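The values are calculated or read from the model by the stated rules, or taken from the named source; none is laboratory data. The shown structure was predicted, so the numbers you read here are calculated from the model rather than taken from an experiment. Cβ coordinates were reconstructed from backbone atoms using ideal geometry, including for glycine residues, and neighbour counts include every protein chain displayed.
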Amino acid sequence: MPPSPDSTLTAEDQAARAVEGRLLEVAHRFDQALRERVTRLLLACAEGILKLAELALVRHEADEEQGGHTLALWEELAPVMGETVQHVNDIIATAQENFPAPPGKDAPDDLDQAFGPGSAEQPPVAEPVLSTEQEIAKLVSAVTGGMRHDVAHLGERLRNPTVMTDPWHLISDLLEFRGRMRAGLGELIYQICSFVAEVDRGDVIPGYASELEESILVRQATTNLAFIFRAHSKRVAAANDERILPALEDALKDLHAFSRTRALPSLRTSDKRIFLETRAQLYQLVRVTPPKTREIKNMVENLARFLDSMSVVSRRENLRLHDRAQLARAGRSLENAQANLERPELARAELADAARAVASLYGRDVQLDAYLRAQRHFPVEWLHEPEVAAEIERFGALLAAVSPP
């Protein structure tokens, strides 16, 4: 048999095509008067997200003994800057052409306000019921207004001499800008689709599922490294001049292992800079004799604190939404387990489902992390039947203590 038309596409292209198909299906549910314009808007936003995809502008050499890294040169960065702004302006023009801004409504100052609640300082004002077309125009106005503000802010940053003389700042600003644009366009797609269908963001936003997977990976990998490196920090702190270099070499082995994972390229640029520069400095210190003991101890302790601070990755919006859904799923499974205590095998299966639901939350809560690490050795599927009821109660109390996303 001849291969299917999709057999030559990459996984990313196949995913993008699947999302496009779902967007066309959702757009067809709108009234005929809106269908064509909604289709153009949704496809323009989806194409914009793909054009503003994440870029690899920081190269890290995991096998480089010195822990080195290189940055994109200005000759490479300048055209990307221009193309990025042009893509954004094209999307704004298409969106506003199909759904012009409603009169008498100021655009928000930035994308953070586009989907946020109104100001708490002003009393709520009763607004007339809007048609679907008016609601979409209002959303488009909010998002494109925020995008225009962010474009202007990027221009101001690029005129700042401090930014222009530091490639790290340039790369950070560009990648943050592209990420904000993707997030704004993705939320616009989701909100528009929600007018006529119940959808998951991963089904209708290009790249959402892969970005969520990367965020989960970053959280899990950095949590593992922070847990391991804290032990290295204690050993280095207690080491004398004779043992300090072997202790540092052991710590560098785990830094090297982390550097080989997909988590490192997915770090925020500012975090990546701290990690790569500190790693390079530690590789240099391991070659200095006699050892600079105090400097090694201070640098290792500072890196351990930095890795501990990486727990803030859970504040990413896609992780907040994911965590909320997984905690709800775990809660339902625990309720089912509690209701089936007279049928231990079924109760144990529901308990196991609850544990699987929160496995991707590793890195979100210290106590939950400890529980999940223990599950790697003795999963709840192995529990003896008389232990199931107590474990359900224990696990329920643990989840109740997890702060809401």
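Structure notes:
- Checking each residue in the range 373-405 for being small (G, A, S) and either free of Cβ contacts under 8 Å to residues at least 40 places away in the same chain or not assigned by TED's automatic domain parsing to the domain that holds A337 (or both) picks out A374, A390, A397, A400, A401, S403.
- None of L248, L212, L225, L217 is in contact with a His (Cβ under 9 Å, 6 or more places away or on another chain), in a helix (DSSP H, G or I) and within 27 Å of L319 (Cβ to Cβ) except L212.
Okay, residues lined up against (1) modelled with pLDDT of 85 or more; (2) surrounded by 12 or more Cβ atoms within 10 Å (Cβ to Cβ); (3) under 30 Å from T39 (Cα atoms):
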site	(1), (2), (3)
L52	yes, yes, yes
E64	no, yes, no
E75	no, no, no
E83	yes, yes, yes
T94	yes, yes, yes
E97	yes, yes, yes
G104	no, no, yes
A107	no, yes, yes
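- Applying the criterion of at least 3 residues that are modelled with pLDDT of 95 or more, under 18 Å from the mean Cα position of the chain (by Cα) and over 30 Å from I244 (Cα atoms) to the helices (runs of 4 or more DSSP H) found wholly in the range 286-405 leaves 317-339.
- Whichever residue in the range 309-364 is free of Cβ contacts under 8 Å to residues at least 60 places away in the same chain and of a type in the set (S, T, N, Q) and, among such residues, is surrounded by the fewest Cβ atoms within 10 Å (Cβ to Cβ): S309
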